[in-house]
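A short worksheet on the structure shown next.
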Amino acid sequence: MAKFELKLPKMGESVAEATLTAWLKEVGDTIEMDEPVVEIATDKVDSEVPSEVEGKLIEKFYEVDDVIAVGATIAIIETGGDGEESEPSEEKTSAQDKEENDKTSVESLGGDPVPEALKDVEKTVEKATETASAGAITNDGERFYSPLVKNIAQQEHISQDELDQVEGTGKEGRVTKDDILAYVENRGSKKQKTTEKSSNSVSGGQKAVAIADQQTASAPVSVNGQDEVIEMSRMGKMIAKHMVHSVQTSAHVQSFIEVDVTNIWNWRNKVKNDFMKREGEKLTFTPIFMQAVAKTIREFPMINISMDGDKVIKKKDINLGMAAALPTGNLIVPVIKKADQLNLMGMAKAVNDLADRARNGKLKPDDTQGGTYTVTNVGTFGSVMGTPIINQPQVAILALGAIRKVPAVIETPEGDFIGIRHKMFLSHSYDHRVVNGALGGQFVQRVAQHLEAWDVNEKI
C-alpha cells in the first residue's frame, strides 16, 4: 500500500491561502480518481479539490473553516497496488529511536527489564510532557481553534485564557487567521499606548488620534427590537477586506470621458439577430468594449503592470478581468486570458461563457486568476458613471457607464446641427503612484477613439 498526500493546489499568483468550507469525503471513504474530496473558498471563487489518485481516505489534517496555505497537505489517501509508503515522520522516527535506545539500555543491565526502573522512566516522561504542554492551546472549551491559529498564538506567547477572549469572525464565532493577526497587531498598539500614557509624553496631535481611535473602537451600534442583524457572508467579508486593502494601498485618481457610440449601437442592432441564429448566443456590447480595451493596452503597455513593493512588474500577457455581479449580490471577476489575441467572435464567446458560469457558480479557481487589467460595467444598473476601486495588484480599472440617447452637436462639412446620439461615459481609475495623469488620461481617450471609429461594416 502507498500513501498519497492531497495538497492544496496553487490557484494563482495573488492567492496564498484558502478556507476549507466542506469535506465531501470522510475517513474510510473510497475515492475515485478526479473525484472531489474537499471544497475550498478564496476571496474570488469557491471550488473543489479533486484527488489525483484512487484509494481510501485515511487521514484529514484540517477542519471546516480552517485557513490552509497553498501547498499544504490537506489529507492522506491510501492507494491500492504496489508502492512504497511515505517515509515515517520525524516524530515517529524519534519515538522509534528512543524505544530502541531504552531497550538497549535495559538489556545492557543484564536479564529481563526491571519493572520499577521502567515506572520511574514513565513518571519522568509524563512530568516532562505536562511541563512542555502547560502553555499549549487546546480545544477542550466551547471554541475550536485551527492548527494555524494555535501556531500563531504559541509564537506570539498568547495564553489559552487570552486567546479565549479574542473575538472570532468565523463560523459559530471561530477565531480565524485574520482575527488572531489583528489581535496581535492591536495588542502591540495597546501596550504602546499604555506606555505613552503612563510616561505622559504623547504630543497633542497624537493624543487626538488616540482619542479618535478609542472612540471609534468603543462606539456601540444602536440596535432596537425592530432592527434585523444580518451576518456578512464569507465572500462578503473577503471582498470587503480586499477593497479596503486596495484603497489603503493605491493612490486612486479618476479620469472621465464621454464617448459617442452611435455607430456601435446601430451596428449591433443590425447583426445581433443573425449572430443569435448562427451561434445560439447573445451579442452584447461588452465584447466590443473589451476588444477596444485590449487593443489600447497594446498601445499603452505601462497600464498593464503590477506593483511588487518598490518594483514594477510589466506583464507580457493582456488578461482582462470582467467584473460580474452574482445573484447573491457579491462581485466576482473572471479573467479573459490573452484577450488581445481574440477576434470579436472569440471575445463574444469568452464573455458569454464566463458570465454564464459566474451566474451559476461554475467558475474554477484558474478562471479568476492572472488578471492584468479590469473592466466593470456600472451601466448595467443604470449608473451614468462610477469611480471603481482598483483590483490589486493591478494599477487601473475602467468603468463603463450606461448608454443614453442624448441631444448632441454634430459637426459636418456643411456646418453644425443638433441630433440624437447614443453616448456613454468611461470612468478610468488608476494608481497615481505609477500611472500619472497624462498616461491615465491618454489611455481612456484612446479607448474612446477606438469606439467612435467603429467600422459599421465589421463582420462577425
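Bear in mind that the values in this text are calculations on the coordinates, not laboratory data. Owing to the predicted nature of the structure, the values given are computational and were not obtained by experimental measurement. With ideal geometry, Cβ positions are generated from the backbone for all residues, glycine too; neighbour counts draw on all protein chains shown.
The charge dipole of the range 2-79, taken about its Cα centre with unit charges on the Cβ atoms of Lys, Arg (+1), Asp and Glu (-1) only, comes to about 220 debye.
Taking only the C-alpha atoms of the range 234-362, Rg followed by Dmax gives 17.1, 52 Å. If R0 equals 56 Å, the separation of the Cβ atoms of E26 and I410 corresponds to a calculated FRET efficiency of about 0.20. Straightening the chain between Q442 and N151 buys 99.8 nm, computed as 0.36 nm per residue apart minus the Cα-Cα spacing. Ordering P287, N360, I264 by Cα displacement along the dipole of the range 251-452 toward the positive end leaves N360 in first place; charges were set at the Cβ atoms of Lys, Arg (+1) and Asp, Glu (-1). Residue separation of D455 and M232 scaled by 0.36 nm, minus their Cα-Cα distance, works out to 75.6 nm of gained length. Greater than 20 Å separation of Cα atoms is the criterion. Which listed pairs, K7/K316; K295/K459; K282/K364; K337/K362; K270/K423, meet it? Violating the 20 Å Cα-Cα cut-off are K7/K316; K282/K364. Ellipsoid semi-axes for the range 251-452, based on the Cα gyration tensor and the rule √(5λ), read 27, 23, 15 Å when sorted largest first.
Annotation: peptides 362-375, 16-29, ranked by per-residue average of other Cβ atoms within 10 Å with the highest first, follow the order 362-375, 16-29. Dipole magnitude for the range 251-452: computed about the Cα centre from +1 point charges on Lys and Arg Cβ and -1 point charges on Asp and Glu Cβ, it is near 560 debye.
Taking the centroid of alpha carbons for each part, the range 277-293 and the range 366-419 are 16 Å apart.
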